[in-house]
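Undergrad: So that we are looking at the same thing, I have put the structure below in structure tokens.
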Amino acid sequence: MGEDPSAGRAALDPNDPEQIRAEIEQTREELGDTVAALSAKTDVKAQAQRRVQDTRATVEEKRDHIVTKAREITPETALAAASSTSRKARENPLPFAVAGAFLTGLLLGRLGARQR
């Protein structure tokens, strides 16, 4: 748009039919490309289908990732984590007692606020 259509082309000899045919063919090709590009931009249904396909692909990738992660976390792994946490609580009970007291206070505060 705004460009000179004859820019970049050899000067035409108005009497040379071969040059005229070549330019007509080139113009037809350019026009065909332009029409195809405009058709693609205005084809809402095709754009929507592409977005649906892209979204499906993304969801499938995320699902596969989550399934892989879930398979890595076995019951043995969960038991080991629980056992480790329990052992740490027995070794150093103060942080767990403080956290328990904080949660108890938080719950009692919320219940008291609801009754008012």
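Undergrad: If the Cβ limit is 9 Å and pairs must be 6+ apart or interchain, which residue in the stretch 66-88 that is on the phi > 0 side of the Ramachandran plot pairs with which residue that is surrounded by 10 or more Cβ atoms within 10 Å (Cβ to Cβ) and part of a helix (DSSP H, G or I)?
TA: Final answer for the pair search is none.
Undergrad: Any residue that is within 24 Å of the chain's Cα centre (by Cα), assigned to a helix (DSSP H, G or I) and at pLDDT below 85 - is there at least one of those in the stretch 54-67? Reasoning before the result, please.
TA: Here is the first cut: in the stretch 54-67, the ones within 24 Å of the chain's Cα centre (by Cα) are 54-67.
Filter once more, keeping what is assigned to a helix (DSSP H, G or I): 54-67.
Still in the list and also at pLDDT below 85: 67.
Yes; the residues of the stretch 54-67 include at least one that is within 24 Å of the chain's Cα centre (by Cα), assigned to a helix (DSSP H, G or I) and at pLDDT below 85.
Undergrad: Next question. Identify, by number, the condition in (1) assigned to a helix (DSSP H, G or I); (2) at pLDDT below 80 that M1 doesn't meet.
TA: The failed condition is (1).
Undergrad: Also: Give A70, A46, A113, A40 a once-over and let me know the one that is over 24 Å from the mean Cα position of the chain (by Cα) and in a helix (DSSP H, G or I). I'd like the intermediate steps shown before the answer.
TA: Numbers: A70 fails: over 24 Å from the mean Cα position of the chain (by Cα); A46 fails: over 24 Å from the mean Cα position of the chain (by Cα); A40 fails: over 24 Å from the mean Cα position of the chain (by Cα).
The conditions single out A113.
Undergrad: Starting from the stretch 95-116, take each residue that is without any contact (Cβ under 8 Å) to a residue 60 or more places away in the chain and under 23 Å from T85 (Cα atoms) and list its partners that are surrounded by 10 or more Cβ atoms within 10 Å (Cβ to Cβ) and not aromatic (F, W, Y), counting only C-beta distances under 6 angstrom and pairs at least six apart or across chains.
TA: F96/A89
The values are calculated or read from the model by the stated rules, or taken from the named source; none is laboratory data. Just so it is clear, the model here is predicted, and its values are computed rather than measured. Glycine gets a Cβ as well: all are built from the backbone with ideal geometry, and neighbour counts include every protein chain shown.
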